[in-house]
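**Q** Structure provided below as structure tokens; questions to follow.
The values are calculated or read from the model by the stated rules, or taken from the named source; none is laboratory data. Since we're looking at a predicted model, the values are computed, not measured. Using ideal geometry, Cβ is built from the backbone for each residue, glycine included, and neighbour counts are taken over all protein chains shown. Accessible surface is based on the protein model in full, side chains and every heavy atom, while ligands, DNA and RNA are left aside. Shrake-Rupley method; radii C 1.70, N 1.55, O 1.52, S 1.80 Å.
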Amino acid sequence: MDKQQLTQLFDQQAPNYDTQWRRMSPINNGLYFFMETILGVLPEKAHLLCVGAGTGKELLHLARHFPEWRFTAVEPSGEMLNQCRKAVELAGFTSRCDFYQGYVETLPSEEKFDGATSLLVSQFVLDQQTRSEFFRHIADRLKPGGLLVSADLVADTHSEIYEEQLNLWLRLMANAAVSQEDIQRMKAAYSQDVAVLPTGTVAAIIKAGGFTTPIPFYQAGLIGAFFAHSA
């Protein structure tokens, strides 16, 4: 799936995206719980880059916990970004946020950020070298030692236990407001359109993109998260 197709897919999903995945919120909440402590070492008036911000869930969570922070949301899907903008406006955080429709590599690089988030984004970059370049674009926009929190689908698809892991993950999603047709589409996508890789491989990709050795800090189902500093 190329960038245009992926953007069109998220444009279609945007209006109902949060409702569709609401039942999976305990997984996100666990991730956000760790993020509060990891990113909490940033300056009191930090500026955070949210790459692939989607509907703005992590941005809103962090904005509530860090009232002096500013945010730049980068999102290629115009409809997703509209949902993000509406949610931020409703929460009263508009004055603290900038919105950029596009990709991180097209974001002007003059301003350097204290930290960045990239949640369930890099997994859509299938080529490992290109995926490292994605992280390089983030590193280039961070201050020296800037902090990255990244999460993606993480698993060893060649392991004898992967099929059971995948089946459990699909059952979890089946209990959310997701159709069986969507479930089957996702299962096919995991082998064709999403780069599900082992923890060590993902960490190596991030490090090759200009970061210190990433530290895994969270795993829930197939979602694995890391933090690292720009090198």
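**Q** What is the percent carbon and sulfur in the accessible area of the range 81-231, measuring with a 1.4 Å probe over the protein chains and ignoring ligands?
**A** 53
**Q** Write down the radius of gyration of the chain and its Dmax, each obtained from C-alpha positions, in Å.
**A** 16.7, 50
**Q** Please provide three numbers in whole Å: the alpha-carbon extents of the range 107-231 along the principal axes, with the largest listed first.
**A** 46, 28, 24
**Q** Right, something else. If the cut-off is 17 Å between C-alpha atoms, which aspartates and glutamates fall inside it for Lys57, apart from same-chain ones fewer than 8 positions away?
**A** Asp11, Asp18, Glu36, Glu75, Glu79, Glu89, Asp98, Asp152
**Q** Do you know the relative contact order of the range 68-124, to the nearest whole percent, from alpha carbon pairs under 8 angstrom that are 6+ apart?
**A** RCO, the range 68-124: 41 percent.
**Q** OK, next. Using the Karplus equation 6.51 cos²θ - 1.76 cosθ + 1.60 (θ = phi - 60°), what ³J(HN,Hα) coupling, rounded to whole Hz, does each residue of the range 149-160 give in order, writing x for Gly and Pro?
**A** Whole-Hz 3J(HN,Hα) from phi for the range 149-160: 10, 10, 9, 8, 5, 9, 5, 8, 5, 9, 6, 5.
**Q** Cross-link candidates for Lys187: which lysines have Cα within less than 23 Å, leaving aside residues fewer than 8 places away along the same chain?
**A** Lys3
**Q** Could you report the accessible area of Met186 in Å², rounded to 10, computed with a 1.4 Å probe on the protein chains as they sit in the structure?
**A** Met186 exposes around 40 Å² with every protein chain in place.
**Q** Ok, one more. Under a straight-distance cross-link criterion of Cα-Cα below 18 Å, which lysines are reachable from Lys207, leaving out those fewer than 8 residues away in the same chain?
**A** Hits, sequence-local ones excluded: Lys143.
**Q** Rounded to whole Å and ordered largest first, report the semi-axes of the equivalent ellipsoid of the range 40-163 derived from its Cα gyration tensor (root of 5λ).
**A** 25, 17, 15
**Q** For Arg64, what is the net charge nearby, where nearby means another residue's Cβ is under 15 Å from its Cβ and Lys, Arg count +1, Asp, Glu -1?
**A** That works out to -1.
**Q** Tell me the per residue accessible area of the chain using a 1.4 Å probe; a whole number in Å² is fine.
**A** 49
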